[in-house]
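Asks: One structure coming up, written as C-alpha cells, with questions to follow.
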Amino acid sequence: MQGKLYLVGIGPGSREHTTRRAVEAIRESDVVVGYTTYLRLVEDLLSGKEVLASGMRREVERARQAVELALGGKKVAIVSSGDSGIYGMASAVFEYLAENRLELEVEVVPGVTSALAAAALLGAPLGNDFAVISLSDLLVPWQEIERRVELAAEGDFVIVLYNPRSSRRDWQLGRVREIVLEHRPQATPVGLVRNAYRDGCAVEVTTLREMNPAKADMLTTLIIGSSRSFVYAGRIITPRGYRSKYSMRG
Ligand code: SAH
C-alpha cells in the first residue's frame with residue numbers, strides 16, 4: 001500500500017506561528033525530511049521518527065528520496081521554513097512526480113511565509129499590491145531577476161525580497177536599491193527583518209537612501225515600501241486605498 005507525503009510549511013520559527021495542521025502532519029509521519037536548521041525548529045516532535053537531515057542545495061535528491069519512501073508505504077513529511085510552496089520543497093516534489101509520471105497522495109500544509117512574518121513585525125507594509133522576488137540566482141539568471149525588480153519598481157509595487165544577500169552574492173542588493181531609486185523617492189521606507197520569530201529576531205526600519213545592503217544576509221527578509229508607504233511610530237504603513245474614500249480623523 002502507498003503511503004502519503006506531506007509538504008509542511010512550519011512558519012518562520014516559533015511554535016506559536018506553526019499551524020496546528022503542520023504539527024499534526026509531522027506527528028502522523030513515520031519519516032521527517034528537511035534541512036538540519038528546520039528540523040531543529042521542530043525537534044520536540046521528532047522522537048521515535050526516522051529523521052533524514054540534509055544540507056542546502058540538495059532539493060532534487062531530497063524530493064526523490066521522500067517520494068520513494070512514500071511510494072513504499074511510509075508517511076513522510078518534508079519540512080520547509082515558512083511556506084513549502086514559496087521558494088521551498090513543494091515545486092521540486094511536484095516537478096519530480098510530473099517528470100516521472102508518478103501518482104502519490106500529497107498534502108500541502110500551508111505555513112506563514114517570511115513575507116507575512118516580516119510584514120507583521122514591521123506594521124502594515126503589505127496593505128496594497130506587492131511583489132515577492134528572490135534575489136537568489138542559483139536557479140534563475142540574474143538578468144531575469146533584475147528585469148522583475150525593474151518592472152515591480154516601475155509598477156509601484158511594495159517589493160518583498162527573499163534571499164537578499166549572501167557572502168557569494170554581495171552586490172545584487174545594492175543594484176536593486178539603485179533600480180528602485182530610479183522610480184521612488186529617497187525617503188521610501190525600507191524594513192529589514194532578521195530571524196523573524198526566532199532567537200535573535202531583529203527589526204530595522206530605514207529608508208532607501210539610508211539602507212545599508214551589507215546589513216542583510218540569508219536570514220533577512222526586506223520589504224521596500226511603495227511610493228505611498230510611510231512610517232508612523234516606527235511602523236511601516238502602506239495605505240489600503242489611494243483615493244480618500246472616507247475620513248480617518250478620529
Ligand atoms: N519557504 C520560505 C522561504 C525560503 S527562501 C518561506 O516561505 O519563508 C529563504 C529566505 O527566506 C531567506 O533568505 C530569508 O530571506 C527568508 N527567511 C526565512 N526564514 C526567515 C526568518 N525567520 N526571518 C526572516 N527571513 C526569513
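Asks: With the requirement that a residue be part of a loop (DSSP other than H, G, I, E, B), within 19 Å of Glu28 (Cα to Cα) and among the small types (Gly, Ala, Ser), what does the stretch 39-57 give you? Walk me through it before giving the result.
Replies: From the stretch 39-57, those part of a loop (DSSP other than H, G, I, E, B) are 42, 46-49, 55-57; that's our starting set.
Then keep just the ones that are within 19 Å of Glu28 (Cα to Cα); that gives 42, 46-49.
Ser47, Gly48, listed by residue number.
Asks: Determine whether Thr207 is under 30 Å from Thr18 (Cβ atoms), without any contact (Cβ under 8 Å) to a residue 60 or more places away in the chain and either touching a helix residue (DSSP H, G or I) at 6+ places or on another chain (Cβ under 6 Å) or β-branched (Val, Ile, Thr) (or both). Reasoning before the result, please.
Replies: Values: under 30 Å from Thr18 (Cβ atoms): no; without any contact (Cβ under 8 Å) to a residue 60 or more places away in the chain: yes; either touching a helix residue (DSSP H, G or I) at 6+ places or on another chain (Cβ under 6 Å) or β-branched (Val, Ile, Thr) (or both): yes.
Against the criterion (under 30 Å from Thr18 (Cβ atoms), without any contact (Cβ under 8 Å) to a residue 60 or more places away in the chain and either touching a helix residue (DSSP H, G or I) at 6+ places or on another chain (Cβ under 6 Å) or β-branched (Val, Ile, Thr) (or both)), Thr207 does not qualify.
Asks: Has the stretch 91-103 got at least one residue that is in contact with a Gly (Cβ under 9 Å, 6 or more places away or on another chain) and either closer than 26 Å to Thr19 by Cβ or near the ligand (Cβ under 10 Å from one of its atoms) (or both)?
Replies: Looking only at the stretch 91-103, we keep the residues that are in contact with a Gly (Cβ under 9 Å, 6 or more places away or on another chain), and these are 91.
Filter once more, keeping what is either closer than 26 Å to Thr19 by Cβ or near the ligand (Cβ under 10 Å from one of its atoms) (or both): 91.
There is at least one residue in the stretch 91-103 that is in contact with a Gly (Cβ under 9 Å, 6 or more places away or on another chain) and either closer than 26 Å to Thr19 by Cβ or near the ligand (Cβ under 10 Å from one of its atoms) (or both).
Asks: With (1) closer than 24 Å to Leu219 by Cβ; (2) crowded, with 19+ Cβ neighbours inside 10 Å as the list, and Leu69 as the residue in question, which single condition is left unmet?
Replies: Going through (1) closer than 24 Å to Leu219 by Cβ; (2) crowded, with 19+ Cβ neighbours inside 10 Å one by one, Leu69 breaks only (1).
Asks: Please give the number of the condition Pro110 fails out of (1) surrounded by fewer than 19 Cβ atoms within 10 Å (Cβ to Cβ); (2) of a type outside the set (Gly, Ala, Ser); (3) within 15 Å of the ligand (Cβ to nearest atom); (4) modelled with pLDDT under 95.
Replies: Every condition holds for Pro110 apart from (4).
Asks: Just wondering, is there one or more residues in the stretch 58-72 that are more than 16 Å from the ligand (Cβ to nearest atom) and outside any helix (DSSP H, G or I)?
Replies: Looking through the stretch 58-72, at least one residue is more than 16 Å from the ligand (Cβ to nearest atom) and outside any helix (DSSP H, G or I).
Asks: As an exercise: evaluate Glu24 against (1) farther than 30 Å from Val193 by Cα; (2) at pLDDT 95 or above; (3) part of a helix (DSSP H, G or I) and give the number of the one condition it does not meet.
Replies: (1)
Asks: Among the numbered criteria (1) farther than 24 Å from Ala202 by Cα; (2) hydrophobic (A, V, I, L, M, F, W, C); (3) at pLDDT 95 or above; (4) outside the structural domain of Leu46 (by TED's automatic domain parsing), which one does Leu139 miss?
Replies: Of (1) farther than 24 Å from Ala202 by Cα; (2) hydrophobic (A, V, I, L, M, F, W, C); (3) at pLDDT 95 or above; (4) outside the structural domain of Leu46 (by TED's automatic domain parsing), only one is false for Leu139: (3).
The values are calculated or read from the model by the stated rules, or taken from the named source; none is laboratory data. If you're wondering where the values come from, they're calculated on a predicted model, not measured in any experiment. Note that each Cβ is placed from the backbone with ideal geometry, even for glycine, and that neighbours are counted across all protein chains shown.
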